[in-house]
Amino acid sequence: MGSMGKANKVLVIGGTGYLGKRLVQASLNSGHDTYVMHRPEIGVDIEKIQLLLSFKMQGAHLVSASFDDYQSLVDAVSLADVVICAISGVHIRSHQILLQLKLVQAIKEAGNVKRFVPSEFGTDPARMEEAMEPGRITFDDKMVVRRAIEEAGIPFTYVAANCFAGYFLGGLCQPGFILPSRERVTLLGEGNQKGIYVDEDDIAAYTLKAIDDPRTLNKTIYVKPPKNVLSQREVVQIWEKYIGKELQKTVLSEQEFLAVMKEQNYAEQVGLTHYYHVCYEGCLASFEVDDDQEATKLYPEVRYTTVEEYLKRYV
Ligand code: NDP
């Protein structure tokens, strides 16, 4: 049940995605009346159909609607008190901004939505005004969506979820890796900048806590589990303890990183820019977060997964 004591009608858009499916599950676990939007053009993707059916068997309502059919979008959001969007944030000048602007329009028109959580779940874009090209497009786009939400007067919560653990811890914070090596690791810079790593299921759990909490109305919340604010070196140390040996370490200087980055295609460059800000500049942990905007302080009843626990699964 929500913190106001009654179940909400929660619509998840992008509920078949990597984060989205966890948001759907967290909504079901919280006892909310859960709606999952899916596109009619889903085709013969058997895994997605099975996933949607498993949600349905747990009581979710499947709603067929498409961004290409505006009225279907308005009808879908009309069903909900809360809309959570988790559509992909692919690292290209994506349709994400256009889709989310359409969604904002539909929510405004429907007029019934009490809380909207747009698809962010990463670095707080409001703190990335100085971000580097070409990756800054991601933050700029998210700010355009924020302005549209605020201009439309839609009640919102923005979730700054920091680093998805699966991507960052799995690869020991190295871009292009999602499985930890037992032999070697490349340290970005000296590997001393602090990142913040969050289990994706925890991101979903905190998001579902926030959707009906008056304290998070029209605010940004940060998911910053105190034990998970660690440098790459500290992450590597935890892994080394598990495997009982030291990895061979190579340092990749800032200049080298940027030179490699310039040789990549545009989409790769966008992704690497994000790693640059996190791993060379420490952008995630370089500012204080007030307790009333930090998820683990707001919801101490959620037991988050520590980096130590998370890495154990790879041993
Ligand atoms: P996925 O790519 O896994 O999921 C995308 C979802 O969006 C799918 O359900 C997909 O539906 C849906 N979708 C995409 N396009 C459309 C469309 N045109 N119409 C309807 N549905 C659509 O996304 P992620 O879980 O990776 O990303 C979710 C959010 O998390 C993003 O904002 C991203 O930036 C952020 N993120 C943050 C990371 C971090 O480390 N902080 C890492 C990765 C992501 P379908 O199944 O039908 O294709």
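The values are calculated or read from the model by the stated rules, or taken from the named source; none is laboratory data. Just so it is clear, the model here is predicted, and its values are computed rather than measured. Here the Cβ positions follow ideal geometry from the backbone for every residue, glycine too, while neighbour counts run over all protein chains shown.
Tabulated results
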{"quantity": "Residue match in segment 276-292 (condition: under 18 Å from the mean Cα position of the chain (by Cα), of a type outside the set (D, E, K, R), at pLDDT below 95 and within 19 Å of GLN193 (Cβ to Cβ))", "calculated": "no"}
{"quantity": "Any helices (runs of 4 or more DSSP H) falling wholly within segment 159-244 and containing at least 1 residues that are over 20 Å from TYR280 (Cβ atoms) and more than 11 Å from the ligand (Cβ to nearest atom)", "calculated": "200-210, 232-243"}
{"quantity": "Residues of segment 104-127 classified as assigned to a loop (DSSP other than H, G, I, E, B) and without any contact (Cβ under 8 Å) to a residue 24 or more places away in the chain, total", "calculated": "1"}
{"quantity": "Qualifying positions in segment 1-30 - touching a residue at least 60 places away in the same chain (Cβ under 8 Å), within 15 Å of the ligand (Cβ to nearest atom) and buried (at least 21 other Cβ atoms within 10 Å of the Cβ)", "calculated": "LEU11, VAL12, ILE13, GLY14, GLY15, LEU19, GLY20, ARG22, LEU23, GLN25, ALA26, SER27"}
{"quantity": "Pair list, Cβ under 6 Å, 6 or more apart: segment 59-84 residue within 19 Å of THR34 (Cβ to Cβ) and part of a strand (DSSP E or B), other residue small (Gly, Ala, Ser) and within 15 Å of the ligand (Cβ to nearest atom)", "calculated": "VAL63/ALA76"}
{"quantity": "Candidate set: segment 248-265, residues that are of a type in the set (D, E, K, R) and either outside any helix (DSSP H, G or I) or buried (at least 17 other Cβ atoms within 10 Å of the Cβ) (or both); chosen: the one farthest from the chain's Cα centre (by Cα)", "calculated": "LYS249"}
{"quantity": "Yes/no for ASP81 being farther than 30 Å from LEU272 by Cα and near the ligand (Cβ under 8 Å from one of its atoms)", "calculated": "no"}
{"quantity": "Selection count where residues are in contact with a Leu (Cβ under 7 Å, 6 or more places away or on another chain) and over 16 Å from ALA86 (Cα atoms), scope segment 130-151", "calculated": "1"}
{"quantity": "Check on ARG115, touching a strand residue (DSSP E or B) at 6+ places or on another chain (Cβ under 6 Å), more than 30 Å from LEU230 (Cβ to Cβ) and either within 13 Å of the ligand (Cβ to nearest atom) or among the basic types (Lys, Arg) (or both)", "calculated": "yes"}
{"quantity": "Flag for ASP141 being acidic (Asp, Glu), in contact with a strand residue (DSSP E or B) (Cβ under 7 Å, 6 or more places away or on another chain) and surrounded by 16 or more Cβ atoms within 10 Å (Cβ to Cβ)", "calculated": "no"}
{"quantity": "Out of GLU268, GLU301, sole residue that is part of a loop (DSSP other than H, G, I, E, B) and either surrounded by fewer than 12 Cβ atoms within 10 Å (Cβ to Cβ) or modelled with pLDDT under 95 (or both)", "calculated": "GLU301"}
{"quantity": "Hits in segment 31-68 (condition: within 14 Å of the ligand (Cβ to nearest atom) and of a type in the set (Lys, Arg))", "calculated": "ARG39, LYS48"}
{"quantity": "Residue within segment 204-215 that is among the basic types (Lys, Arg) and within 18 Å of the chain's Cα centre (by Cα) present", "calculated": "yes"}
{"quantity": "Qualifying residue in segment 93-103 (condition: more than 28 Å from LYS224 (Cβ to Cβ) and part of a loop (DSSP other than H, G, I, E, B))", "calculated": "yes"}
{"quantity": "Options GLU47, GLU130; residue that is free of Cβ contacts under 8 Å to residues at least 40 places away in the same chain and assigned to a loop (DSSP other than H, G, I, E, B)", "calculated": "GLU130"}
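Matching residues to (1) in contact with an Asp or Glu (Cβ under 7 Å, 6 or more places away or on another chain); (2) closer than 15 Å to ILE84 by Cα; (3) not in a loop (DSSP other than H, G, I, E, B):
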position	(1), (2), (3)
GLY17	no, yes, no
VAL24	no, yes, yes
VAL36	no, yes, yes
SER54	no, no, yes
